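Report on one structure; see the data block that follows.
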Amino acid sequence: MNKVLAGFVLVALIISSMAIIGLADAFKVAFVTPSTINDSAWSQSMYDALVTIQNEMGKDNFQFVYSENMYVISDAAAAIRDYASQGYNLVIAHGSQYGGSLVDIAPDFPNTAFAWGSTANTFSDQGITNIFSYQPYSEQGGYVNGVLAAKLSETGMMGVIGPIETGDAKRYTEGFQAGVMATDPDAKVSVTWTGSYSDVSLSAETARTMIKAGADVLTGTSQMVIGAIGVAKKEGAIWFGYDVDQAPLAPEIVVSSVVVDWTVALRPMIAAIQSGTMGGKVYDLTLANGGLKIAVNAEGLVGKTIQAIINGDIVVGE
Amino acid sequence: MNQRKLLDLLPRLTPILAVLISLLVGAVMLALLGTNPWEAYRALFIGAFGSTNALADTIVKATPLLFVGLGICIAFRGGVLNIGGEGQLVTGAIAATAIALSVPNWPGWLIILVALLAGTLAGAIWGGIAGLLKAHFNVNEILSTIMLNYIAVFGMNYLLRGPMMDPLQIKLGSFTPQTARLPRAADLPRLIPTRLHLGAVIAVILAVAVYILLWRTTIGFRIRTVGKSLRAALAAGVRTKRYMALSLVLAGAFAGLGGAVEVLGLHHRMFTDGSAFGFTGSAGFNGIVAALFGQLHPIGTIPASFLLGALLTGANKMQRMMQIPSALIGALNGLIVLLVVGSEFLRRHRIKHTQSAESERAETSAEEEEA
Amino acid sequence: MSWSIIIGILSSGIRLATPYLYAAVGETIGQLSGVVNLGVDGVMLMGAYVAFFVALRTGSLSLGLIAAAGMGGVFGLIMAFISVTLKAEQGISGIGLYLFGLGLSTFLFGITIRNVQTIDGFPDLAIPGLSRIPVIGEIFFQHNILVYVAFALIPIAWFLLNKTPFGLKVRAVGQNPEAADSLGVNVARVRYLTVTLGGMLSGVAGASLSIALLNTFQQNLTNGMGFIAVALVYFGGWRPVLVFAGALLFSTVNALQIWLQVAGINVPSDVALMLPYIVTILVLAAMAKRRVNAPAALNKRFERGES
């Protein structure tokens with residue numbers, strides 16, 4: 001009798017544990033982003049982070065889908081609502097322009113978590129509990145680039161090319177200026193806004209004008225800076241990158257790039273959702289927590305100096 | 001007799017045939033990408049019509065197309081090409097937002113009314129600048145409306161990252177270029193519990209109004225005369241410059257109202273992504289397409305806007321469900337426009353052959369009577 | 001303002017004007033024959049993409065350039081077929097062509113090249129002797145080959161349109177196709193030629209960006225330049241020399257506003273950015289008394305045997 005009971009319990013245990021495994025479906029993420037996932041900037045950095053997480057957790061445990069080029073806000077809102085209604089665990093609305101839509105949508109889907117950025121606003125003040133937010137402290141990375149730039153500049157003039165004077169671009173630029181000023185108070189930083197995230201031609205001509213005006217170190221934000229990088233490469237000016245490691249675009253001139261590693265925000269966010277917290281937290285990406293990284297170009301000045309010391313071509317401190 | 005009817009019907013169906021051909025070309029491209037075209041088109045259909053929500057989204061998408069399209073009907077009938085829909089949408093939206101934010105304590109209906117009027121007026125002024133330049137300074141309206149689009153966008157960027165920026169954005173330090181949310185009382189009423197708002201109804205009513213304006217009033221008759229033949233209009237003593245300018249003012253007014261409706265009905269705030277497209281969704285251009293698909297007839301523009309809205313809404317769903325690059329859908333849209341407008345040829349020719357010349361004569365004599 | 005700044009702004013203006021010159025001259029020729037093509041931007045994008053792709057894969061910039069002209073020609077043919085043979089409404093056909101080119105170039109970029117890359121494009125070519133002339137040399141004679149060709153295009157287009165039988169035919173077809181037809185000019189053939197030629201030049205305009213001035217490709221690289229090019233045709237009143245003047249005016253003011261910002265002069269960036277658009281309109285408005293000979297048959301269908 002006891003054996004039968006034990007057998008029964010065992011079978012029940014096995015079945016229930018199988019059911020639990022079965023219930024523990026893959027964690028499903030939907031990613032809505034304003035530009036293309038191969039933009040070498042904002043969207044690609046998040047896409048790459050999602051791929052990294054998928055590789056860590058395995059395809060059976062983590063799945064994600066994306067909607068790219070959702071620059072039309074009302075289209076993005078439709079996409080966010082659609083994903084939420086399909087039962088995705090987390091919907092990432094990757095743009096500060098999506099906030100207004102999230103406030104409307106999130107309360108209708110309490111079982112879905114939402115995340116957006118760059119911002120510190122989770123709308124918890126409006127009683128919404130299922131929105132996370134993330135914000136890179138771009139000014140920290142900008143500051144590091146600024147210090148290096150001031151050290152490397154021979155003319156004492158540097159140029160920053162940005163899209164419009166808001167958001168991350170503004171914070172990065174202000175950090176860069178602060179870094180330069182702290183290092184060389186006599187240096188001059190010229191800042192130009194092209195009014196567009198995509199005007200490659202204007203960014204190229206701005207870079208030329210800056211170099212003509214005496215700048216020998218340039219930096220900038222958004223996907224249009226590819227034009228400026230091309231000019232800097234041609235004219236031999238030094239370039240500091242932002243968003244993704246831009247060294248592959250011009251190995252000769254890129255010294256370092258400020259890289260945003262979104263996995264630093266995503267990992268704890270996913271863990272929080274799995275333990276039942278659906279929102280209300282702000283994830284900062286800083287140099288301290290590794291959310292911001294300085295990618296040193298191995299073929300650039302810093303990289304080459306390091307390599308020379310390792311090789312013994314440069315001997316220090318004897 | 002039946003066969004005759006069928007022959008009559010056939011040319012009218014050519015636009016549909018053209019859409020089918022473009023979808024076929026699209027199917028080949030999808031298959032080459034390794035996507036099942038049948039599944040993809042099923043997704044497109046579901047995305048546009050598959051649920052109450054989808055249908056509401058389609059109508060929401062079609063609404064600004066109809067507003068812009070109505071203005072385009074007037075402009076094209078009046079012989080001017082208005083490429084300035086984008087800029088006019090933006091100026092209308094900015095004006096409506098500014099007004100609504102400045103009078104938060106007024107009753108909702110009054111804010112709505114004043115904001116819609118402000119948007120209409122701002123759009124009319126933006127179109128009117130092009131009209132003035134054409135009438136008195138000999139500046140072609142294609143040039144001026146293209147340039148005015150850019151000027152409107154830079155003006156919008158300036159206002160949204162400066163004087164009109166949401167104070168909360170400054171406090172939080174995120175500096176997103178957008179205004180504060182408009183007072184909730186100023187939200188256009190929703191028709192059903194979806195995103196569908198009153199704007200669609202306003203647009204449809206206005207379509208009838210535009211029909212009356214163009215075909216039942218002297219002003220409309222003169223606008224159309226100018227569009228048909230400048231020489232004839234001059235001979236008839238119509239002040240052509242004045243009516244061309246008026247066409248642009250009206251086109252701008254409709255687009256401006258469309259922008260105001262987008263703000264009050266859908267976004268409840270104004271924002272920018274540096275370009276106009278994030279807000280307009282290219283409605284300034286797609287509205288032209290809708291008007292021409294609708295035979296430049298305000299009533300015809302209603303179904304044309306709806307179908308174009310369905311295509312655009314469904315395409316997004318297709319991207320989501322099948323994970324197809326969004327650019328492929330953009331290329332397909334272009335192909336559909338090309339083939340549909342190209343197929344007009346067949347339609348026109350067949351109809352010309354079957355239609356009796358008398359009806360045309362009747363129409364012209366009726367118009368002469370009106371004059 | 002020192003000399004070096006003025007020189008910098010002017011030489012910047014010339015570089016910025018280059019893509020507009022190709023596209024606007026091409027559009028001028030097409031419009032003179034009576035066909036408006038609003039799809040220039042889409043054709044430029046296809047040209048830019050193909051030039052970059054071919055140059056990247058074969059390592060030959062010349063092949064890239066030829067491919068861009070060819071692709072532009074194909075798009076011109078599509079436009080001609082729809083607007084001349086099928087007699088479709090030209091404005092909307094052009095918008096369709098634009099959407100098609102924008103989507104297709106982005107799509108092809110996504111599946112063939114995938115990530116943003118740079119290449120070494122046509123190098124700057126200082127013209128021996130001429131580039132040594134003070135001021136003038138620096139402004140005009142230190143550019144890449146496609147900039148020089150763009151400038152050479154103006155007298156060529158002027159000659160072609162004003163001094164050759166072909167030019168006469170183009171104008172006749174654009175002014176009065178019925179009369180031209182009765183004189184034995186093949187209206188359709190002339191329009192096919194002009195629109196295809198216009199497409200080829202738009203393709204080269206795109207290539208001048210992707211393999212000479214910017215040396216990269218990404219989604220929507222032209223950022224609406226094609227529409228500005230169309231506007232410049234109206235600025236120039238269908239005369240190549242005035243189209244050229246308009247392109248230079250627009251681009252030089254653009255260069256000036258860049259300099260204003262770089263020099264740190266206290267103007268809000270958005271206001272500075274508006275300048276080229278405002279100045280272009282104002283200058284044209286100031287010339288209100290000028291004579292404009294619009295092609296009378298512009299944007300109108302031509303059907304043989306109709307009045």
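The values are calculated or read from the model by the stated rules, or taken from the named source; none is laboratory data. The structure presented is a predicted model; accordingly, all values stated were derived computationally and were not measured. Backbone-built Cβ (ideal geometry, glycine too); neighbour counts: all protein chains shown. Accessible surface areas use protein heavy atoms only, side chains included; no ligands, DNA or RNA. Shrake-Rupley method; radii C 1.70, N 1.55, O 1.52, S 1.80 Å.
Would you confirm whether or not segment B:196-205 contains a residue that is free of Cβ contacts under 8 Å to residues at least 24 places away in the same chain and away from chain C (no Cβ under 14 Å)? Checked segment B:196-205: at least one residue is free of Cβ contacts under 8 Å to residues at least 24 places away in the same chain and away from chain C (no Cβ under 14 Å). Looking across segment C:113-144, the residues that are open to solvent by less than 70 Å² (accessible area, probe 1.4 Å) and touching a residue at least 40 places away in the same chain (Cβ under 8 Å) come down to C:Ile113, C:Val116, C:Gln117, C:Thr118, C:Ile119, C:Gly121, C:Phe122, C:Val135, C:Ile139, C:His143, C:Asn144.
Checked against the criteria, A:Gly195 does not count as modelled with pLDDT of 95 or more, surrounded by 21 or more Cβ atoms within 10 Å (Cβ to Cβ), under 29 Å from B:Met270 (Cβ atoms) and in contact with a helix residue (DSSP H, G or I) (Cβ under 6 Å, 6 or more places away or on another chain). Restricted to segment C:282-295, and to residues there that are aliphatic (A, V, I, L, M) and assigned to a loop (DSSP other than H, G, I, E, B), the residue that is least open to solvent (accessible area, probe 1.4 Å) is C:Ala288.
Each row is one residue, and each column tells you yes or no for (1) open to solvent by 40 Å² or more (accessible area, probe 1.4 Å); (2) modelled with pLDDT of 95 or more; (3) under 19 Å from C:Val230 (Cα atoms).
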| site | (1), (2), (3) |
| --- | --- |
| C:Val40 | no, yes, yes |
| C:Val43 | no, yes, yes |
| C:Val50 | no, yes, no |
| C:Leu56 | yes, yes, no |
| C:Ser60 | no, yes, no |
| C:Ala67 | no, yes, no |
| C:Ile78 | yes, yes, yes |
| C:Lys87 | no, no, no |
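In segment B:25-118, counting only helices (runs of 4 or more DSSP H) that sit wholly within it, the ones holding 1 or more residues that are in contact with a Lys or Arg (Cβ under 7 Å, 6 or more places away or on another chain), within 14 Å of chain A (Cβ to nearest Cβ) and of a type in the set (A, V, I, L, M, F, W, C) span B:37-49, B:52-77. Segment A:208-308 holds strands (runs of 3 or more DSSP E) entirely within its bounds, and those carrying 1 or more residues that are out of contact with any Cys (no Cβ under 9 Å at 6 or more places or on another chain) and surrounded by fewer than 19 Cβ atoms within 10 Å (Cβ to Cβ) map to A:282-285, A:292-296. Of the candidates C:Leu153, C:Leu232, the single residue that is open to solvent by 10 Å² or more (accessible area, probe 1.4 Å), touching a residue at least 24 places away in the same chain (Cβ under 8 Å) and assigned to a helix (DSSP H, G or I) is C:Leu153. Taken as a whole, the structure places B:Leu143 among residues that are among the aliphatic types (A, V, I, L, M), within 14 Å of chain C (Cβ to nearest Cβ) and more than 19 Å from A:Val103 (Cβ to Cβ). Of the residues contained in segment A:60-70, one or more are found to be surrounded by fewer than 21 Cβ atoms within 10 Å (Cβ to Cβ), within 19 Å of the chain's Cα centre (by Cα) and not β-branched (Val, Ile, Thr). Looking across segment A:184-209, just one residue is within 7 Å of another protein chain (Cβ to nearest Cβ) and within 16 Å of A:Asn145 (Cβ to Cβ), and that is A:Ser190. Of all residues in segment A:149-175 being touching a Phe, Trp or Tyr at 6+ places or on another chain (Cβ under 7 Å) and touching a residue at least 40 places away in the same chain (Cβ under 8 Å), which is nearest to A:Ala106 (Cα to Cα)? It comes out as A:Gly167. The condition of being among the polar types (S, T, N, Q) and open to solvent by less than 20 Å² (accessible area, probe 1.4 Å) does not hold for A:Thr183. Please enumerate the residues belonging to segment C:79-97 that are assigned to a helix (DSSP H, G or I), under 14 Å from B:Leu335 (Cβ atoms) and facing another protein chain (nearest Cβ under 7 Å). If the condition is that a residue be assigned to a helix (DSSP H, G or I), under 14 Å from B:Leu335 (Cβ atoms) and facing another protein chain (nearest Cβ under 7 Å), then C:Ile82, C:Ile92, C:Ser93, C:Ile95, C:Gly96, C:Leu97 are the ones that fit. Residue count for segment C:241-281, restricted to those that are among the aliphatic types (A, V, I, L, M), open to solvent by 20 Å² or more (accessible area, probe 1.4 Å) and away from chain B (no Cβ under 13 Å): 7. When the residues of segment B:114-139 are narrowed to those that are open to solvent by 40 Å² or more (accessible area, probe 1.4 Å) and modelled with pLDDT under 95, which ends up nearest to B:Glu262 (Cα to Cα)? In this case the residue turns out to be B:Lys134.
The rows are residues; the columns are (1) surrounded by 24 or more Cβ atoms within 10 Å (Cβ to Cβ); (2) at pLDDT 95 or above; (3) in a helix (DSSP H, G or I).
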position: C:Tyr192; (1), (2), (3): no, yes, yes
position: C:Gly198; (1), (2), (3): yes, yes, yes
position: C:Ser210; (1), (2), (3): yes, yes, yes
position: C:Gln218; (1), (2), (3): yes, no, no
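Here B:Gly155 clears all of (1) closer than 20 Å to B:Val80 by Cβ; (2) within 14 Å of chain C (Cβ to nearest Cβ); (3) touching a residue at least 24 places away in the same chain (Cβ under 8 Å); (4) over 21 Å from the mean Cα position of the chain (by Cα) except the condition numbered (1).
C:Val35 fulfils the conditions (1) farther than 20 Å from C:Ala212 by Cβ; (2) touching a helix residue (DSSP H, G or I) at 6+ places or on another chain (Cβ under 6 Å); (3) open to solvent by 10 Å² or more (accessible area, probe 1.4 Å) except for a single criterion, (3).
Could you pull out the residue among A:Phe114, A:Phe176 that is more than 30 Å from C:Thr106 (Cβ to Cβ) and more than 7 Å from every other protein chain (Cβ to nearest Cβ)? Unique residue meeting the criteria: A:Phe176. Condition check: within 14 Å of chain B (Cβ to nearest Cβ), of a type in the set (Val, Ile, Thr) and either without any contact (Cβ under 8 Å) to a residue 40 or more places away in the chain or open to solvent by 50 Å² or more (accessible area, probe 1.4 Å) (or both). Does A:Ile73 satisfy that? Judged against the criteria, A:Ile73 is a match. Among the residues examined, C:Gly8 does not qualify as in a helix (DSSP H, G or I) and crowded, with 23+ Cβ neighbours inside 10 Å. The single condition among (1) surrounded by fewer than 17 Cβ atoms within 10 Å (Cβ to Cβ); (2) at pLDDT 95 or above that C:Ala205 does not satisfy is (1). More than 12 Å from every other protein chain (Cβ to nearest Cβ), touching a strand residue (DSSP E or B) at 6+ places or on another chain (Cβ under 8 Å) and touching a residue at least 12 places away in the same chain (Cβ under 8 Å): is that true of A:Val255 in this structure? So A:Val255 passes the test. Restricted to helices (runs of 4 or more DSSP H) entirely inside segment B:278-371, those with at least 2 residues that are modelled with pLDDT of 90 or more, of a type in the set (Ser, Thr, Tyr) and open to solvent by less than 40 Å² (accessible area, probe 1.4 Å) are B:298-322. The residues of segment C:5-32 that are of a type in the set (Ser, Thr, Tyr) and within 11 Å of chain A (Cβ to nearest Cβ), listed by number, are C:Ser11, C:Ser12, C:Thr18, C:Tyr20.
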